[in-house]
Amino acid sequence: MYGMKQDWELEPRPRHFVLEDYVGGQPRWCTGCGDHAVLGAVQRLMRDEQLTPEDTVVVSGIGCSSRFPHYMKTYGFHGLHGRALPVACGIRSRRPDLNIFVATGDGDCTAIGAGHWIHAIRYNMKMTVMLLDNHIYGLTKMQSSPTSPQGNRSNTHPLGAFLSPINPLSVTLGVTNASFVAQTVDWNPPHLYATLQAAHKHDGLAFIRILQRCPHYMPQVFAALQQDTSHAVLLTHANGIPLDDDVARMFKVKEEHDPSDILRARYQAERRDGIVLGLLYHNDNAERYHEYSAAGLGMSAADKIDVVQETMDRFLV
Ligand code: SF4
């Protein structure tokens, strides 16, 4: 009518996502908790990469940081304690098209979920795994976790933790088929963002240990590192985490580190003279289990029955 188009004649415009398209519920984390910074960085990454919310899933286990999926407007799976990684691997097995982010804590991943952690690293299915490591169980109110510093007083160790902490970086780097291992902190937004971005682009399981502040139960644990960057060693390399010069200048100690060198990566993970930040290890050629487990996707029901029949026929006597 009068040259006007009807609704059904209009070309649908390509969708453009803004930050609010990824923002879910109101976070219930304490004021000053480092989880807020990680949440904001992930939402910004999704906006910048224009990830389709309904093609994205955030998986978690149990703990403060595992409330992550509730605060995202994507699909989410708030799983059982320690079981974020097997759930995420299951999703990747059958839905290779989805963007998968995993939020897990030091209690969730390195204690009850330790077995799953090892095997998920070996399976190397494409996903971004964020270990939010605050060195304590926060949700259940201050018990020692495997990463609690030796001597740290908690409700389970009122006289101080007896043992040296587990090192999530060296454990991960010790697993066959590890393909991306990085470390960052929640209080340096550019480094956190750049690390998440590199992890998201990696074709395999990207493991990021994020040193995360818990001002409620561990107010001092990262104080020295926050106040004086000479406690950190920034790893630099053309194939590492790209960082603007003005951000890199904030770090007093820098070291060139080739992320393809696994032996050197293990040294970096273990060194005692500073906390390394950056990409420790990267290998794009590691095998990816989802390339096997996704076999048969897209087959019709009739084709699947044919394959089963054919297989059964092989056992005919
Ligand atoms: Fe964050 Fe600690 Fe509060 Fe948990 S207890 S929300 S980790 S500050």
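Out of Leu19, Leu51, which single residue is in contact with a strand residue (DSSP E or B) (Cβ under 8 Å, 6 or more places away or on another chain) and at pLDDT 90 or above? Don't jump to the end; show me each part of the working.
Details: Leu19 fails: in contact with a strand residue (DSSP E or B) (Cβ under 8 Å, 6 or more places away or on another chain).
Every option except Leu51 fails the conditions.
Suppose we keep only residues that are polar (S, T, N, Q) and in contact with a Phe, Trp or Tyr (Cβ under 9 Å, 6 or more places away or on another chain) within the range 52-106. Which one would you say is farthest from the ligand (Cβ to nearest atom)?
Step one: filter the range 52-106 for residues polar (S, T, N, Q), giving 52, 56, 60, 65-66, 74, 93, 99, 104.
Within this subset, residues satisfying the condition of being in contact with a Phe, Trp or Tyr (Cβ under 9 Å, 6 or more places away or on another chain) are 52, 56, 60, 65, 74, 93, 104.
Numbers: Thr52: 29, Thr56: 24, Ser60: 13, Ser65: 7, Thr74: 21, Ser93: 31, Thr104: 13 Å.
The qualifying residue farthest from the ligand (Cβ to nearest atom) is Ser93.
Scan the range 203-221 for residues that are buried (at least 22 other Cβ atoms within 10 Å of the Cβ) and not β-branched (Val, Ile, Thr) and jot them down.
Listed by number, the residues that qualify are Gly204, Leu205, Ala206, Phe207, Arg209, Leu211, Gln212, Arg213, Cys214.
Within the range 43-73, which residues are assigned to a loop (DSSP other than H, G, I, E, B) and among the hydrophobic types (A, V, I, L, M, F, W, C)?
To start, the set of residues in the range 43-73 that are assigned to a loop (DSSP other than H, G, I, E, B) comprises 50-52, 61-64, 73.
Matches in the range 43-73: Leu51, Ile62, Cys64.
Kindly evaluate Gly40 against the criterion of being assigned to a helix (DSSP H, G or I), modelled with pLDDT of 95 or more and within 16 Å of the ligand (Cβ to nearest atom).
On the way: assigned to a helix (DSSP H, G or I): yes; modelled with pLDDT of 95 or more: yes; within 16 Å of the ligand (Cβ to nearest atom): yes.
When the stated conditions are applied, Gly40 passes them.
Say we look at the range 132-152 and pick out the residues that are touching a Gly at 6+ places or on another chain (Cβ under 7 Å) and over 16 Å from Gly61 (Cβ atoms); which of these is nearest to the ligand (Cβ to nearest atom)?
Asn152
Restricting attention to the range 1-36, report how many residues are of a type in the set (Asp, Glu) and either under 27 Å from the mean Cα position of the chain (by Cα) or part of a loop (DSSP other than H, G, I, E, B) (or both).
Selection size over the range 1-36: 4.
Would you pick out the residues in the range 268-296 that are surrounded by fewer than 12 Cβ atoms within 10 Å (Cβ to Cβ), part of a loop (DSSP other than H, G, I, E, B) and not charged (D, E, K, R)?
Asn285, Ala295, Gly296
Which ranges mark the strands (runs of 3 or more DSSP E) fully within the range 168-267 that have 3 or more residues being over 28 Å from Asp108 (Cα atoms) and of a type outside the set (Phe, Trp, Tyr)? Steps first, please.
Values: elements: 180-185, 205-211, 232-236, 254-256.
Counting at least 3 such residues, we get 254-256.
Against the condition surrounded by 15 or more Cβ atoms within 10 Å (Cβ to Cβ) and within 18 Å of the chain's Cα centre (by Cα), how does Val181 come out, does it pass? Walk me through it before giving the result.
Details: surrounded by 15 or more Cβ atoms within 10 Å (Cβ to Cβ): yes; within 18 Å of the chain's Cα centre (by Cα): yes.
Spelling it out, Val181 is indeed surrounded by 15 or more Cβ atoms within 10 Å (Cβ to Cβ) and within 18 Å of the chain's Cα centre (by Cα).
Identify, please: which residue in the range 185-223 is under 29 Å from Ser154 (Cα atoms) and within 11 Å of the chain's Cα centre (by Cα) and is, among those, farthest from the ligand (Cβ to nearest atom)? Full working, then the answer.
At the first step, the residues of the range 185-223 found to be under 29 Å from Ser154 (Cα atoms) are 185-188, 192, 207-223.
From what is left, the residues that are within 11 Å of the chain's Cα centre (by Cα) are 207-210.
Numbers: Phe207: 20, Ile208: 17, Arg209: 15, Ile210: 12 Å.
If we take residues in the range 185-223 being under 29 Å from Ser154 (Cα atoms) and within 11 Å of the chain's Cα centre (by Cα), then Phe207 is farthest from the ligand (Cβ to nearest atom).
The values are calculated or read from the model by the stated rules, or taken from the named source; none is laboratory data. Please read all numbers here as calculations on a predicted model, not as lab measurements. Here the Cβ is made from the backbone with ideal geometry for all residues, glycine too, and neighbour counts use every protein chain on show.
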